[in-house]
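The values are calculated or read from the model by the stated rules, or taken from the named source; none is laboratory data. Since this is a predicted model, take the numbers as computed values, not measurements. FYI the Cβ positions are ideal-geometry reconstructions off the backbone, even for glycines, and counts take in every protein chain you see. Note: accessible area is taken over every heavy atom of the protein model, side chains too, but ligands, DNA and RNA are not part of it. Shrake-Rupley method; radii C 1.70, N 1.55, O 1.52, S 1.80 Å.
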Amino acid sequence: MTANTYPIDNVRADFPALRQTVNGCPLTYLDNAATTLKPEAVVEAVRQHYREESANIHRGVHHLSQKATEAYEAARDKVQHFLHAEQREEIIFTSGTTAAINTVAHAFGSTIHADDEIILSEMEHHSNIVPWQMLRERTGCVLRVIPITDDGQLDLAAYEAMLGPRTKLVSVVYVSNSLGTVNPVQRVIDAAHAHGAKVLVDAAQAVACRAVDVRALDCDFLAFSGHKIFGPTGVGVLYGKRVLLDALPPFFGGGDMILSVSFERTTYNALPYKFEAGTPHIAGVIGLGAALDYVNALGLAGIAAHEEDVRDYATRLIARIPGVRLYGTAPEKAAILSFVLEGVHPHDVGQILDTHGVAVRAGHHCTQPVMQRYGIPATARASFSIYNTRADADRLAAAIMQTKELFG
Ligand SMILES: Cc1ncc(COP(=O)(O)O)c(C=O)c1O
């Protein structure tokens with residue numbers, strides 16, 4: 001599929017939220033890096049669960065519980081295939097990327113000691129910084145930070161110089177949510193492995209725009225959130241190599257993650273349940289399964305071609321508006337455009353764009369170190385997804401022009 005044969009009209013028709021007007025204008029939804037809209041198929045899968053099979057899973061002997069369990073576990077198989085994981089036991093459902101990273105920070109963190117080194121990058125989301133700072137407080141480990149270049153790429157030479165015998169983990173983002181940079185994670189992983197370090201990939205922004213193959217990448221852990229790939233909020237995935245997950249202690253304790261409990265001794269359940277304590281977000285997991293079906297049917301190659309076309313078109317339009325400065329101009333980029341309009345605070349930009357029905361995000365995007373790197377408090381961010389068009393980019397550019405005129 002090319003950008004020309006991509007079924008954009010069908011895709012747009014699948015997303016009911018796109019049928020509304022905002023402030024009298026058609027909704028131009030460009031806040032996809034924060035969360036994506038949901039297709040009818042996902043809404044229907046969640047609705048059907050609550051209407052017809054709303055029962056708890058795993059322990060039930062009755063019909064509804066078995067149906068819910070089947071649907072929940074079928075979603076695990078879908079995630080396994082989507083990530084090309086070797087085994088279904090390597091797929092842990094969490095409440096999102098944040099919970100997945102925190103799980104690794106506690107479970108794998110139990111193997112970290114004072115002076116061990118963990119490498120992050122300057123473009124990490126706060127959810128891939130703070131859990132490691134909390135681990136540093138618990139253990140006295142050392143955090144090292146890969147700097148980023150002016151155009152928003154990882155400084156790989158600096159990274160490779162940081163690796164050494166004390167490096168235990170490298171935790172990096174695949175696609176930056178504030179700069180759009182697509183990081184060369186394969187090279188990051190290979191270099192880390194050459195030093196015996198493990199790698200966690202934050203794929204929150206990556207999974208919806210490129211095929212992710214955990215076996216080919218050979219990453220040790222990978223995290224993503226359902227809501228950024230057209231699924232429900234409050235559900236996400238931690239992938240971990242079985243040999244690692246098997247050896248690690250659980251993070252949360254409670255129901256379902258045990259084999260037996262007495263006051264003297266508790267034994268833990270097998271994977272993946274060892275890491276899924278308590279009643280999970282059953283409807284969310286089922287909705288995530290439906291979202292992956294949707295993405296698979298459309299095809300990630302077609303999605304990537306479409307988004308690249310819109311990204312390039314939007315970049316050309318916006319870059320030529322006088323006073324606009326783009327942040328994140330790496331050659332390998334997702335369809336995320338962060339910008340500052342000279343003389344206008346990004347929050348004002350966001351608010352004026354909203355009066356034109358154009359939804360963008362303004363702020364630090366939970367990446368304050370990125371803002372510090374560039375010496376700015378915030379950016380406005382337009383992020384494009386499978387249902388956005390060149391016409392959306394036109395509306396964005398026109399609304400920026402009007403904002404500029406308003407502020408003189
Ligand atoms: C790159 C990246 N990592 C992690 C997260 C955290 O995701 P969640 O809030 O769904 O846990 C986000 C969300 O914006 C993100 O963009």
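Quick notes on this structure:
- A count restricted to segment 104-130 and to residues that are within 16 Å of the ligand (Cβ to nearest atom), part of a helix (DSSP H, G or I) and open to solvent by less than 10 Å² (accessible area, probe 1.4 Å) stands at 3.
- Selection over segment 1-22 of residues that are polar (S, T, N, Q) and modelled with pLDDT under 95 gives a count of 3.
Condition check ((1) open to solvent by 10 Å² or more (accessible area, probe 1.4 Å); (2) in contact with a Ser or Thr (Cβ under 9 Å, 6 or more places away or on another chain); (3) at pLDDT 95 or above) across all residues:
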residue: Pro322; (1), (2), (3): yes, no, yes
residue: Leu337; (1), (2), (3): no, yes, yes
residue: Val340; (1), (2), (3): yes, yes, yes
residue: His345; (1), (2), (3): yes, no, yes
residue: Gly357; (1), (2), (3): no, yes, yes
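- Among the conditions (1) modelled with pLDDT of 95 or more; (2) open to solvent by 70 Å² or more (accessible area, probe 1.4 Å), the only one that Asp392 does not satisfy is (2).
- Among the residues making up segment 44-67, those that are open to solvent by less than 70 Å² (accessible area, probe 1.4 Å), under 30 Å from Asn10 (Cα atoms) and assigned to a helix (DSSP H, G or I) are Ala45, Val46, Gln48, His49.
- Of the strands (runs of 3 or more DSSP E) lying entirely inside segment 299-375, those carrying at least 1 residues that are touching a Leu at 6+ places or on another chain (Cβ under 8 Å) and more than 16 Å from the ligand (Cβ to nearest atom) are 324-327, 336-341.
- Looking only at segment 231-247, and only at residues there that are within 13 Å of the ligand (Cβ to nearest atom), open to solvent by less than 10 Å² (accessible area, probe 1.4 Å) and not β-branched (Val, Ile, Thr), the one that is nearest to Glu89 (Cα to Cα): Leu238
- When His81 is tested against (1) open to solvent by less than 50 Å² (accessible area, probe 1.4 Å); (2) assigned to a helix (DSSP H, G or I); (3) closer than 26 Å to Leu222 by Cα; (4) not hydroxyl-bearing (Ser, Thr, Tyr), only condition (1) is not met.
- For segment 17-26, a residue qualifies if it is touching a helix residue (DSSP H, G or I) at 6+ places or on another chain (Cβ under 6 Å) and open to solvent by less than 70 Å² (accessible area, probe 1.4 Å), and exactly one does: Leu18.
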